[in-house]
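Colleague: Here it is, the structure, as structure tokens.
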Amino acid sequence: MFITKKALPRRTILRGLGASLALPFLDGMVPAFAAATKPRTRLGLVYVPHGAIMENWTPSTEGAQFELSPILQPLAPFRDRLLVLTGLDNRPALALQGEPAGGHGRIGAAFLTGVHAKPTEGADFRAGISIDQIAAAHLGEETELASLELGLESTDLAGACDVGFSCAYVNTICWRSPTTPLPMENNPRAVFERLFGDADNLSRSTRLARIRRDRSILDSVTQKVADLERGLGSPDRGKLDEYLEAIRDSERRIQRAEAQSARELPAADAPSGSIPAVFEEYGRLMFDLQVLAYQADLTRVITFMIAKELSGRTYPEIGVPDPHHPLSHHQNDPQKLEKLTRVNILHLKLFAYYLDRLRSIPDGDGSLLDHMLLLYGSGMGNSNLHDPRNLPILLLGGPGQIAGGRHIRFPKETQLTNLYMTVLDKIGVPVERIGDSTGSVAHLSDL
């Protein structure tokens with residue numbers, strides 16, 4: 001790290017026409033002879049619906065000598081950081097006697113809360129506080145945004161989606177309070193504007209004026225960036241240039257998606273029509289926006305739904321034209337199992353792209369990936385039975401947080417929320433209980 005005699009303020013913001021550009025961590029933000037900056041702790045949660053084909057997911061052996069299963073092969077470059085966790089149960093998602101048959105509402109609502117959802121198709125829904133919001137209340141004290149809730153599908157919280165369950169239970173997994181579900185933003189333009197729109201100048205007329213003149217957010221801060229770079233050392237100029245190019249690339253991709261859309265942009269604060277048609281392109285763009293949010297320290301907690309419960313998305317690009325949810329009721333049909341395995345692999349390829357991006361971004365004495373915990377998983381195991389036990393769960397973290405490169409099988413009936421207790425403890429978030437938790441889990445840091 002290059003230590004300077006002068007230090008830029010850590011929260012340096014460059015403002016332009018409807019734009020507010022936070023900077024990544026630069027060496028020039030560390031004053032001479034100052035103690036090393038404490039790494040920022042981050043939490044990322046990635047959700048996929050409809051479980052996994054567990055016989056193709058679960059490694060055949062436990063411990064450090066395990067071999068990656070067919071579904072987990074995309075994560076081979078990250079094997080040394082990876083914990084494959086099996087045997088965990090999402091028991092609050094089980095149906096109680098006399099409850100409606102729909103299982104997806106219970107599954108999504110319980111995944112991050114550990115609370116059994118109240119069956120209702122109305123507005124009187126009730127679940128629990130999700131762990132992302134518990135973490136955000138603590139880690140969000142120093143960031144502009146306490147948390148981000150993102151997804152790749154619709155965000156409507158009203159109406160009924162599952163038999164006996166409100167859409168609020170299906171279209172989000174994030175709950176600020178037992179009665180306050182948080183919508184998952186699925187529009188890249190809206191996410192981009194939330195990250196880089198000027199909080200002091202968010203008027204619709206200002207932002208649309210910039211867009212009509214075909215000006216990038218970066219164009220409006222060009223001179224300020226040039227002035228800043230003159231005072232930076234060579235390593236910092238390189239970091240800043242890479243960061244700015246990543247922002248510009250994301251904006252170009254959003255603009256390209258908008259241009260390809262046949263729909264006119266409605267008169268709204270966040271122009272829509274910006275969702276790429278190709279699933280993998282869409283997912284990568286949304287993951288790149290998350291990387292930028294972490295890089296600029298705009299937030300330290302992000303929850304991302306690659307798809308939601310009851311998802312009807314098709315995947316023709318991998319030879320799966322069948323809607324995901326009907327396909328998940330596979331009845332052990334070999335052809336359906338093979339297609340679902342392909343979907344599981346596609347989702348993990350997308351996740352591997354995210355991990356690679358996080359690993360490539362310098363952050364303090366390591367990378368973004370070194371300074372965070374990431375959990376990937378689903379609220380059910382066997383989708384054919386809506387069974388919320390023996391879940392497919394992955395955990396990745398930086399050095400000192402977990403000892404990766406292992407498959408851990410937990411004792412039968414171990415609560416998923418016990419894992420959450422341990423995860424929150426490792427990122428310095430104090431909590432006495434989460435949902436149905438009874439304690440914490442061991443062995444995550446064993447060497």
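Colleague: Among the residues of the stretch 303-334, which ones are polar (S, T, N, Q), over 19 Å from G103 (Cα atoms) and surrounded by 20 or more Cβ atoms within 10 Å (Cβ to Cβ)?
Modeller: T303
Colleague: Quick check, is G405 of a type in the set (G, A, S), surrounded by fewer than 23 Cβ atoms within 10 Å (Cβ to Cβ), farther than 28 Å from S250 by Cα and within 23 Å of the chain's Cα centre (by Cα)?
Modeller: For G405, the condition - of a type in the set (G, A, S), surrounded by fewer than 23 Cβ atoms within 10 Å (Cβ to Cβ), farther than 28 Å from S250 by Cα and within 23 Å of the chain's Cα centre (by Cα) - is met.
Colleague: Please state which of the following conditions V343 fails to meet, knowing it meets all the rest: (1) surrounded by 20 or more Cβ atoms within 10 Å (Cβ to Cβ); (2) modelled with pLDDT of 95 or more; (3) under 16 Å from the mean Cα position of the chain (by Cα).
Modeller: (3)
Colleague: Which one is farthest from Q133 (Cα to Cα), of the residues in the stretch 287-306 that are assigned to a loop (DSSP other than H, G, I, E, B) and at pLDDT 95 or above? Working first, answer last.
Modeller: Residues of the stretch 287-306 assigned to a loop (DSSP other than H, G, I, E, B): 296-300, 306.
Okay, now just the ones that are also at pLDDT 95 or above, so 300, 306.
Details: R300: 11, I306: 19 Å.
Filtering the stretch 287-306 for residues that are assigned to a loop (DSSP other than H, G, I, E, B) and at pLDDT 95 or above, the one farthest from Q133 (Cα to Cα) comes out as I306.
Colleague: Here is a follow-up. Is there a residue in the stretch 75-94 that is farther than 30 Å from R342 by Cα, buried (at least 19 other Cβ atoms within 10 Å of the Cβ) and under 23 Å from the mean Cα position of the chain (by Cα)?
Modeller: no
Colleague: Within the stretch 285-335, track down each residue that is of a type in the set (S, T, N, Q) and either free of Cβ contacts under 8 Å to residues at least 24 places away in the same chain or closer than 29 Å to S147 by Cα (or both).
Modeller: Q290, Q295, T299, T303, S311, T314, Q335
Colleague: Counting only residues that are under 21 Å from T303 (Cβ atoms) and either touching a helix residue (DSSP H, G or I) at 6+ places or on another chain (Cβ under 9 Å) or modelled with pLDDT of 95 or more (or both), give me the strands (runs of 3 or more DSSP E) lying completely in the stretch 352-447 with at least 2 of them.
Modeller: Numbers: elements: 372-377, 393-397, 406-415.
By residue number, 372-377, 393-397.
Colleague: Given the criterion out of contact with any strand residue (DSSP E or B) (no Cβ under 9 Å at 6 or more places or on another chain) and surrounded by fewer than 20 Cβ atoms within 10 Å (Cβ to Cβ), identify the matching residue among T120, T180.
Modeller: T180
Colleague: Can you pull out every residue in the stretch 177-189 that is closer than 22 Å to S311 by Cα and either among the small types (G, A, S) or outside any loop (DSSP other than H, G, I, E, B) (or both)?
Modeller: P181, E185, P188
Colleague: Moving on. When the stretch 284-314 is examined, which residues are found to be touching a Leu at 6+ places or on another chain (Cβ under 6 Å) and not hydrophobic (A, V, I, L, M, F, W, C)?
Modeller: Y294, T299, R300, T303
Colleague: Restricting to the stretch 152-170, name every residue that is in a loop (DSSP other than H, G, I, E, B) and touching a Leu at 6+ places or on another chain (Cβ under 6 Å).
Modeller: V170 - this is the single residue of the stretch 152-170 that is in a loop (DSSP other than H, G, I, E, B) and touching a Leu at 6+ places or on another chain (Cβ under 6 Å).
Colleague: A further question follows. Taking only the stretch 118-148 into account, find how many residues are in contact (Cβ under 8 Å) with a residue 12 or more places away in the chain, closer than 17 Å to I107 by Cα and assigned to a loop (DSSP other than H, G, I, E, B).
Modeller: 8
Colleague: Sticking with this one: Does G98 satisfy being of a type outside the set (F, W, Y), in contact with a strand residue (DSSP E or B) (Cβ under 6 Å, 6 or more places away or on another chain) and assigned to a loop (DSSP other than H, G, I, E, B)?
Modeller: Criteria not met by G98.
Colleague: Can you tell me how many residues in the stretch 317-364 are closer than 18 Å to L396 by Cα and among the charged types (D, E, K, R)?
Modeller: Qualifying residue count, the stretch 317-364: 5.
Colleague: Would the stretch 85-93 turn up any residue that is farther than 30 Å from L298 by Cα, of a type in the set (V, I, T) and in contact (Cβ under 8 Å) with a residue 60 or more places away in the chain?
Modeller: Yes, because at least one residue in the stretch 85-93 is farther than 30 Å from L298 by Cα, of a type in the set (V, I, T) and in contact (Cβ under 8 Å) with a residue 60 or more places away in the chain.
Colleague: Here's another thing I want to ask about it. Output the number of the condition that T422 fails; it satisfies all remaining conditions of (1) in contact (Cβ under 8 Å) with a residue 60 or more places away in the chain; (2) of a type outside the set (A, V, I, L, M); (3) under 21 Å from G63 (Cβ atoms).
Modeller: Of everything listed in (1) in contact (Cβ under 8 Å) with a residue 60 or more places away in the chain; (2) of a type outside the set (A, V, I, L, M); (3) under 21 Å from G63 (Cβ atoms), T422 misses just condition (1).
Colleague: Still on this model: Of all residues in the stretch 369-400, which are touching a strand residue (DSSP E or B) at 6+ places or on another chain (Cβ under 9 Å) and under 14 Å from W57 (Cα atoms)?
Modeller: Y376, G377, S378, G381, N390, L391, P392, I393, L394
Colleague: With respect to P49, determine if the residue is at pLDDT below 95 and in a loop (DSSP other than H, G, I, E, B).
Modeller: no
Colleague: Does at least one position in the stretch 73-90 carry a residue that is among the charged types (D, E, K, R), within 21 Å of G381 (Cα to Cα) and modelled with pLDDT of 95 or more?
Modeller: Looking through the stretch 73-90, at least one residue is among the charged types (D, E, K, R), within 21 Å of G381 (Cα to Cα) and modelled with pLDDT of 95 or more.
Colleague: Considering each of A190, A135, A146 in turn, give the residue that is under 19 Å from the mean Cα position of the chain (by Cα), on the phi < 0 side of the Ramachandran plot and at pLDDT 95 or above.
Modeller: On the way: A190 fails: at pLDDT 95 or above; A146 fails: at pLDDT 95 or above.
Only one candidate passes the filter, namely A135.
Colleague: Still on this structure, I have one more. From E99, E153, grab the single residue that is surrounded by fewer than 23 Cβ atoms within 10 Å (Cβ to Cβ), among the acidic types (D, E), within 30 Å of I275 (Cα to Cα) and at pLDDT below 95. Can you show your working first?
Modeller: Values: E99 fails: within 30 Å of I275 (Cα to Cα).
When all the criteria are applied, what remains is E153.
The values are calculated or read from the model by the stated rules, or taken from the named source; none is laboratory data. None of these values were measured; they are calculated from a predicted model. Cβ atoms come from the backbone with ideal geometry, glycine included; neighbour counts cover every protein chain shown.
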